[in-house]
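The values are calculated or read from the model by the stated rules, or taken from the named source; none is laboratory data. Quick caveat, the model's predicted, so the values are computed rather than measured. Note that we place each Cβ from the backbone using ideal geometry, even for glycine, and neighbour counts take in every protein chain shown.
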Amino acid sequence: MHRDTQILEAGYPRPSTPGAFVPPVQFASTFTAPGDPAEHAYTYGRVHNPTWVAWEAALGVLDGGEAVAFASGMAATAALFGVTLKPGDVVVMPDDSYYLARVVASTWLATIGVTARFAPTAHDGQREALDGATLLWIETPSNPRLDVCDIERLARAAHERGVLVAVDNTTATGYLQQPLALGADYVVASDTKALTGHSDLVLGHVTAATAERAAALRTWRTQQGAIPGPMETWLAHRSVATLPLRLSRQCASAMEIAWLLSTSDAVDAVLYPGLRSHPAHAIAARQMRAFGPIVSFDLGTRARAEAFLGALTVVREATSFGGIHSTAERRARWGGDAIGEGFIRFSAGCESVEDLLADVQRGLRAL
C-alpha cells in the first residue's frame, strides 16, 4: 500500500468495519473500572484516552515507531530531556536549533546538573562534540536558517560512542523525513506546525524506536500531566490525513518562491535546501522526500524587511509556520537567533502559487 494511503487510513477503523468512518472524540476524566485496574484499558483521564490512542497510531505510521502525544512541542521536548538525562550527563545541542529548546537546555537542565554543549548543524558540526555525551539532539533543517546535517552519519557516530540520538523533525515532518529509519532513537516534533497545518491547535509528540522507550515517555506524561486535550487530538488526527496533499503543494510552491528570490538583485541571500546553491543540498536530497514549506532569505536591513512585509496582500505577517495560509515575518524581532535584522522566514501555504509569486514580487518592488 502506498504510504500516502497508509497515512490517510492510520488510526481509523478498517474499511470493512461497520459504523462511522471517523472515531468519535472521547471527553472523559473518569472511566468505570471496577476491580483490578490492570483489567481495564481506560481508568483515568490523565493516564489514557481512546482519542489519544487513535492519534498516536497515526503518528506511529507517519514516523515508523511508537508515538506518545503531548500538550505542545515544548512539553514533548521537556519529556524527552526528562527520560534521557540525569545529573552529570551531557547533551549536545545545535547552536541554531529552536530558541526555546536551547533556553531549556541552558537553564532548567543546567539547574539539575546537566551540561549542554552547543555546536553548528551545518557540516555535521555536532559530530566533534560527542565524546562523553549522553544525548545528541539534532534539528534538520534547522529553524530558521534551514541548515542541514546528515542524520545517518551523526547517528552512527553517536551510537559508536554510546550516545542516544533525538531528532527535532518539526520543519520536515515525518512525511518528508524519517529519522528513525536513518538511525535515530527518538523523533520529537511540534505538531502545531505543518503536521496538522491549520493554525488552530497546539500539540507535540515524541516517537520512540522501541516500546520500552515509549513506555518511559508515557510514564513521564502521566506523572508530569503534560497531556493533550481530546478535542485538539481529534482535530489533529482529522488534519493529518491531508498532510501528503497539503505538504506536497506547499513544498512545490516554496521551491518556486525560492527560485524567484534567488534571481532577484534585491535579495542578499536565499536559504532553501532545495536550491542547488544550498551547501547541503545533496544531503537534503538524499534524506528528504521534498525540501519543506519554509524559505528563509535576507533583505539586509530591518527597514527593507518591513517594507517587503508591508507590501504583501496575500501572505500574512505572523509567527509560526507550516499552515495552509502563507505567513512571513522578520524573524529577528524576537531575538535569540544568530540572524540579521533583515532576515525573513517565509512559510508557503496552499494558495495558488501564481498568487504567492505575485505577492512576493509585490513585496520586492516595494524595495
query: modelled with pLDDT of 95 or more, in a strand (DSSP E or B) and of a type outside the set (S, T, N, Q) - does that describe any residue in segment 142-156?
result: no
- request: Give segment 170-184 a look and list any residue that's assigned to a loop (DSSP other than H, G, I, E, B) and surrounded by 23 or more Cβ atoms within 10 Å (Cβ to Cβ), or say none.
  value: Thr170, Thr171, Ala172, Gln177, Gln178, Ala184
message: Here's a check for you: in segment 336-356, which residue that is in contact (Cβ under 8 Å) with a residue 60 or more places away in the chain and loosely packed, with under 14 Cβ neighbours inside 10 Å is nearest to Trp259 (Cα to Cα)?
response: Ala338
- request: Go through the residues of segment 69-86 one by one and say whether even a single one is farther than 22 Å from Ala226 by Cα and not assigned by TED's automatic domain parsing to the domain that holds Trp334.
  value: no
task: Sort through Thr111, Thr51, Thr17 and tell me the only one that's modelled with pLDDT under 95 and more than 23 Å from Phe321 (Cα to Cα).
output: Thr17
field: Selection within segment 206-232 - closer than 22 Å to Leu180 by Cβ and in contact with a Leu (Cβ under 8 Å, 6 or more places away or on another chain)
entry: Val206, Thr207, Ala208, Ala209, Leu217, Pro228
query: How many residues are more than 22 Å from Ala172 (Cβ to Cβ) and either in contact with a strand residue (DSSP E or B) (Cβ under 8 Å, 6 or more places away or on another chain) or not in a loop (DSSP other than H, G, I, E, B) (or both) when one looks only at segment 335-351?
result: 3
message: Six or more apart or on different chains, Cβ atoms under 7 Å: show the pairs whose first residue is in segment 221-237 and closer than 14 Å to Ala76 by Cβ and whose second is hydroxyl-bearing (Ser, Thr, Tyr).
response: Thr233/Thr51; Ala236/Thr196
query: Give me the pairs: first residue in segment 185-207 and without any contact (Cβ under 8 Å) to a residue 24 or more places away in the chain and closer than 10 Å to Thr170 by Cβ, second residue of a type outside the set (Phe, Trp, Tyr) and surrounded by 24 or more Cβ atoms within 10 Å (Cβ to Cβ), beta-carbon distance under 7 Å, and six or more apart or on different chains, which are they?
result: none
field: helices (runs of 4 or more DSSP H) (entirely within segment 1-100) containing at least 3 residues that are aromatic (Phe, Trp, Tyr) and touching a residue at least 40 places away in the same chain (Cβ under 8 Å)
entry: none
message: Residues that are in a helix (DSSP H, G or I) and surrounded by 17 or more Cβ atoms within 10 Å (Cβ to Cβ): does segment 201-215 have at least one?
response: yes
- request: Please verify whether segment 36-59 includes one or more residues that are aromatic (Phe, Trp, Tyr), within 17 Å of Asp185 (Cα to Cα) and touching a strand residue (DSSP E or B) at 6+ places or on another chain (Cβ under 8 Å).
  value: no
query: Restricting the search to segment 148-169, which residues are crowded, with 24+ Cβ neighbours inside 10 Å and touching a Ser or Thr at 6+ places or on another chain (Cβ under 6 Å)?
result: Val148, Cys149
- prompt: free of Cβ contacts under 8 Å to residues at least 12 places away in the same chain, in the same structural domain as Ala216 (by TED's automatic domain parsing) and assigned to a loop (DSSP other than H, G, I, E, B): does that describe Gly132?
  reply: no
task: Just need a number here: residues in segment 267-311 that are touching a strand residue (DSSP E or B) at 6+ places or on another chain (Cβ under 8 Å) and buried (at least 16 other Cβ atoms within 10 Å of the Cβ).
output: 16
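Let's see how each residue does on (1) within 22 Å of Ala214 (Cβ to Cβ); (2) assigned by TED's automatic domain parsing to the domain that holds Arg289; (3) buried (at least 16 other Cβ atoms within 10 Å of the Cβ):
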position	(1), (2), (3)
Gly11	yes, no, yes
Pro18	no, no, no
Ala38	yes, no, no
Tyr42	yes, no, yes
Arg46	yes, no, no
Glu56	yes, no, yes
query: Out of all the residues in segment 79-108, which are crowded, with 21+ Cβ neighbours inside 10 Å and more than 20 Å from the chain's Cα centre (by Cα)?
result: Leu85
- line: Within segment 241-299, the residues that are within 13 Å of Val360 (Cα to Cα), of a type in the set (Val, Ile, Thr) and assigned to a helix (DSSP H, G or I) are Ile257
